[in-house]
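The values are calculated or read from the model by the stated rules, or taken from the named source; none is laboratory data. Bear in mind the structure is a predicted one, so any value in this text is a computation, not a measurement. Here Cβ is always computed from backbone atoms with ideal geometry, including for glycine, and neighbour counts include all displayed protein chains. Each accessible area value is taken on the protein alone, full model and side chains, heavy atoms only, with ligands, DNA and RNA left out. Shrake-Rupley method; radii C 1.70, N 1.55, O 1.52, S 1.80 Å.
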Amino acid sequence: MDELEEIKVTFFQECDELLGDLESGLLSIDAGDTEPELVNAIFRAVHSVKGGAGAFGLEALVRFAHVFETLLDNVRGGKTLLESDLVKVLLRAADVLADHVAAAKLGGEGDAAATAAMVEELEAWTSGGPGLAPPSLQADVQPNEDGIVFKPVTLSLPEFEDVPKEQVWTITFQPMDALYARANEAGLLIREIERLGEVEVELLDDALPVFDSLEPETAYFAWKVRLKADVTEEKIREVFEFVEDHCSTTIAREAPPTALVETGPGPDIAAILAAAQAAFTEAEPPPRPQRIEASDTEPVLHAEPATSVVPLAQPATVRASPAPAAEKANQATIRVDPERIDTLIDLVGELVINQAMLAQRVAGHGFAASSDVGRGLDELEQLTRDIQDSVMAIRAQPVKSVFQRMPRLVREIAGLTGKQVRLVTDGENTEVDKTVIERISEPITHMLRNAIDHGLESAEDRAAAGKPPEGTVRLAALHRGGRIVIEVGDDGRGINRPRVRQIAIDRGLIAADAQLTDEEVDNLIFLPGFSTASQVSDISGRGVGMDVVRKSVQGLGGRISISSRPGLGSTFTLSLPLTLAVLDGMVIDVAGQTLVVPLTAIVESLRPAASEVKKLGVQGGVLAVRDAYVPLVDIGRVLGFQTAEINPAEGVVLLVDSEVGGRAALVADSIHGQRQVVIKSLESNYQQVPGIAAATILGDGRVALILDVDALVAMSKREPPRMHEPSIQAAE
Amino acid sequence: MNQPAITVANERRELTSFWAGDQEYCVDIMSVREIRGWSAATPLPQSPSYMRGVINLRGAVLPIMDLAERLDLPPTEPSERSVIIVVQVGERLVGLLVDAVSDILSINPEQIQPTPDVGCDQAKAFVRGLITIDDRMVSEIAVERLLPELESLAA
Amino acid sequence: MIKVLTVDDSRTMRDMLRLALAGEGFTVTQAVDGEHGLEVLNESGADVIITDINMPKLDGFGFIERVREDAAYRATPILVLTTESDPAKKVRAREAGATGWIVKPFHPEKLLDVIRKVAA
């Protein structure tokens, strides 16, 4: 990638951060925080977006950011009062700005109509208040023409001649003290002029007083420069751009262009400058710039160091060159290509696996755990795990980046439903692996939608129930038991259990006389085909039910559940592994194939007695586990690896909890034991495979498939049609 | 990236040719990432039979397709002499199981003739063109067409 | 090698400056706000300073004033990054002690020209 393109990538990353800061700043203000720095921070966020956008020529973005910034500058300067209505407008403006950034990222421009409307609103506030701004067509055509002054303007002053020919200019300039005080130097200015053409420089030292009255900080010299060049006066003026107020300058053109015929190569500029310096050196050795320190042993004369009288000398660097350690301190962060970290994580994963294989082989050779070899392996294992943890930590990111996107979503849904909603977030610094971060946004979005659309009541209903009209939705993240838990809670009406139950019965999801606990009833909403909305609402609907949410969560090795208290609200709890890079699994053999079953799905493994296996129908069967009968699932048959069934009494059974089909007993030939495996995607080179979640590579270099337990159980139910399962097939 | 599809006229092309099911085929050499011996693949459940499974290609999971079976020819019996040609298709890699690699052909694009209208659908679908060299006929495989259809098959 | 300290809270701007300068034989050090700028200056020094105005903690004006207070940096050129739309900022920056300014968005060539103008 071209380096400028890389910076562009950085720019958009930075934009996302700035937009996040902007929004959270505005939300804090909205919540009543009056810290003045907040206003500065939101101003800076918009300002920085504009600055970067300008660098990349993203003009639509620059134009909008400029209008936004102008209003914020007014707010910052106290010209516009930051009242509550304005904060709401600013929040929406932030959304428009975010749209512009998103559009620019894809090479386009933000929605023109929405922009024009927002520009009008912002400008109305800038010019004094919430103008009700009647929609005027003319205003729409060029919404912010006068605002566009950000691009560098090339002033085309009337030139003296169409094409400047070589001519002779006489420039005199006399620096004032202030010029030197700002680190400008006469010598550099003369050098700049020299770049324009041939020069003749004359030092005018008439103003130099006698030694006794010499003031160290006063500028005494002036210069007269004759320039023979093909330039305009404008070009010469540019040289003095930075110092125009700090020197007196005259620029005059000599009348006949022939005047300088015999000038020849100009006099040595360095000699003239040196002469000027020499004049000073004789008068008084210029004090060298240096740091004033308590221990300074220099005479009193230097108590007020007068560096400005040595404009021609290089600023003398008295200080020692910085220690390498100090240099290092500047590099608080390093930037690394994420792919390199991914590779490292993969390799460490392989290392963990190889270490486990090695341990297994060593044990197979009869080394005791207490032997030297055994102890060495223990240390190796510890070390390997430590390396793994450290490497994983490099890629860990706070969930903040996802949480930051939610306030806008909540505003939009609140707008669509007409409900008053306040979003409270907690634990946004909770860290989780990048692989997980990328995929939690969608389930959170759905849970929030559901909470607002179905969970919260309207303001009137709330008032009637004695609740504040504004509903609260709480989004929180925390670590628990080696997993990340995301909670989405609302203080709404809670789940209407009788209704949920009735729907489940109507749709054949449960038997009419099913005995279900409250919790079980609540979780019926995750069943495929279940939707509590009597009509598909635009918000929670979009054809996506909670069953799909649960499926995608399960695809990540996660679980989702809901708990509810009637009248008080509901809470969705989503629990996910901290990484999608490795997984703890049970390695099993089925029909000559080695498979991995995610440990999170396994309740227990057992070797059933023949008496515990009961035939049911032609192919089905159940296993008696304590007091219950659990359906048997022959993995090899379901996956199509074999047609003959394993006799569960001759193999091993894994009791699993599947979210779709409840508890099931997976039948395998044998178990190899638990192992951490590195997850490899099947989709990167191929595609999804039914019943398979992903693949991994075993210690012997062969690929083993990782089972998708839920999909497998669902597939097993598809074969012999059973009662109450019609919607599962519909979901496929 | 390495799509070989477009070539400028008169620019010579290099093709890797190989045997599959008693017929000679070729693919653009630019799309060949490597050629390796056969190793047992881990079968994929619920997949078309020409998908022989997946193998470990230096840490990545590589699907193996029996080219002969894909072309509706009798399935390949993998032996020690069988070869896997790893080709790049877009962003993906796929291993083609073939009987043996035969040649590297350097041809003018004009030497490629369009596929005549033969009865076999698979031939039409996957063969980009025919090349005659001496008395051999080599069919150029359009590798990019081999995979996408899979999406709909198992979905 | 001329050592340029760039002070800007925007990573994009810092990167742009680095890209424009590093290839031209300048050593570039970076700071994220005025306070950090003073720290970096203290640790590593600088021959030329380029600073943004709007920054958290210590803004560009305050930063320039503080730099100029230090005798060691009285003669160090300081350039401010400004936008054309804000001439008042230029004046304020000059009052604080800035040597010159760079108009954003800058063209790399223009940036080098400006630095050459103030640094030998």
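Select the helices (runs of 4 or more DSSP H) contained entirely in the range A:1-84, then report the ones holding at least 3 residues which are closer than 24 Å to A:Val402 by Cα and open to solvent by 60 Å² or more (accessible area, probe 1.4 Å). Of the helices (runs of 4 or more DSSP H) lying wholly inside the range A:1-84, those with at least 3 residues that are closer than 24 Å to A:Val402 by Cα and open to solvent by 60 Å² or more (accessible area, probe 1.4 Å) span A:3-30.
Of the residues screened, A:Glu284 is not one that is charged (D, E, K, R) and modelled with pLDDT of 80 or more. May I ask you to verify whether A:Val713 is more than 9 Å from chain B (Cβ to nearest Cβ), buried (at least 24 other Cβ atoms within 10 Å of the Cβ) and part of a strand (DSSP E or B)? Answer is no for this residue. Total residues in the range B:23-40 satisfying the condition of being open to solvent by 60 Å² or more (accessible area, probe 1.4 Å) and touching a Pro at 6+ places or on another chain (Cβ under 9 Å): the figure is 3. Looking at the structure I just gave you, is A:Gly54 in contact with a strand residue (DSSP E or B) (Cβ under 9 Å, 6 or more places away or on another chain), within 14 Å of chain C (Cβ to nearest Cβ) and at pLDDT 80 or above? Criteria met by A:Gly54.
Selection over the range C:75-90 of residues that are under 24 Å from C:Leu19 (Cβ atoms) and either open to solvent by 20 Å² or more (accessible area, probe 1.4 Å) or touching a Cys at 6+ places or on another chain (Cβ under 9 Å) (or both) gives a count of 1.
Conditions tested, residue by residue: (1) at the interface with chain C (Cβ under 10 Å from one of its Cβ atoms); (2) over 26 Å from C:Lys57 (Cα atoms).
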position: A:Glu3; (1), (2): yes, yes
position: A:Glu14; (1), (2): yes, no
position: A:Ala31; (1), (2): no, no
position: A:Lys50; (1), (2): yes, no
position: A:Lys79; (1), (2): no, no
position: A:Ala116; (1), (2): no, yes
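None of A:Val473, A:Val500, A:Val488, A:Val436 is without any contact (Cβ under 8 Å) to a residue 60 or more places away in the chain and assigned by TED's automatic domain parsing to the domain that holds A:Val553 except A:Val500.
Of all the criteria given as (1) crowded, with 23+ Cβ neighbours inside 10 Å; (2) more than 10 Å from chain B (Cβ to nearest Cβ); (3) at pLDDT 85 or above, the one not satisfied by A:Tyr686 is (2). The residues of the range A:195-220 that are within 12 Å of another protein chain (Cβ to nearest Cβ) and in contact with a helix residue (DSSP H, G or I) (Cβ under 8 Å, 6 or more places away or on another chain) amount to a single one, A:Glu217.
Taken over the range A:457-489, the criterion of being crowded, with 19+ Cβ neighbours inside 10 Å and in contact with a helix residue (DSSP H, G or I) (Cβ under 8 Å, 6 or more places away or on another chain) is satisfied by A:Gly471, A:Val473, A:Leu475, A:Ala477, A:Ile484, A:Ile486, A:Val488, A:Gly489. Filtering the range A:596-636 to residues that are in contact (Cβ under 8 Å) with a residue 60 or more places away in the chain, outside any strand (DSSP E or B) and within 14 Å of chain B (Cβ to nearest Cβ) leaves only A:Ile635. Flag: A:Leu416 matches the condition of being open to solvent by 70 Å² or more (accessible area, probe 1.4 Å) and assigned by TED's automatic domain parsing to the domain that holds A:Gln554.
The residue of the range C:91-112 that is least open to solvent (accessible area, probe 1.4 Å), among those that are modelled with pLDDT under 80 and more than 9 Å from every other protein chain (Cβ to nearest Cβ), is C:Pro108. With respect to A:Phe242, is the statement that it is surrounded by 15 or more Cβ atoms within 10 Å (Cβ to Cβ), at pLDDT below 75, among the aromatic types (Phe, Trp, Tyr) and part of a helix (DSSP H, G or I) true? For A:Phe242, the condition - surrounded by 15 or more Cβ atoms within 10 Å (Cβ to Cβ), at pLDDT below 75, among the aromatic types (Phe, Trp, Tyr) and part of a helix (DSSP H, G or I) - is not met. Just checking, does the range B:61-73 include any residue being at the interface with chain A (Cβ under 10 Å from one of its Cβ atoms), farther than 21 Å from B:Ile141 by Cα and open to solvent by less than 40 Å² (accessible area, probe 1.4 Å)? Yes, that holds for at least one residue.
Considering only residues that are touching a residue at least 60 places away in the same chain (Cβ under 8 Å) and either in contact with a Leu (Cβ under 7 Å, 6 or more places away or on another chain) or among the acidic types (Asp, Glu) (or both), which ones fall in the range C:69-113? Matches in the range C:69-113: C:Lys104 only.
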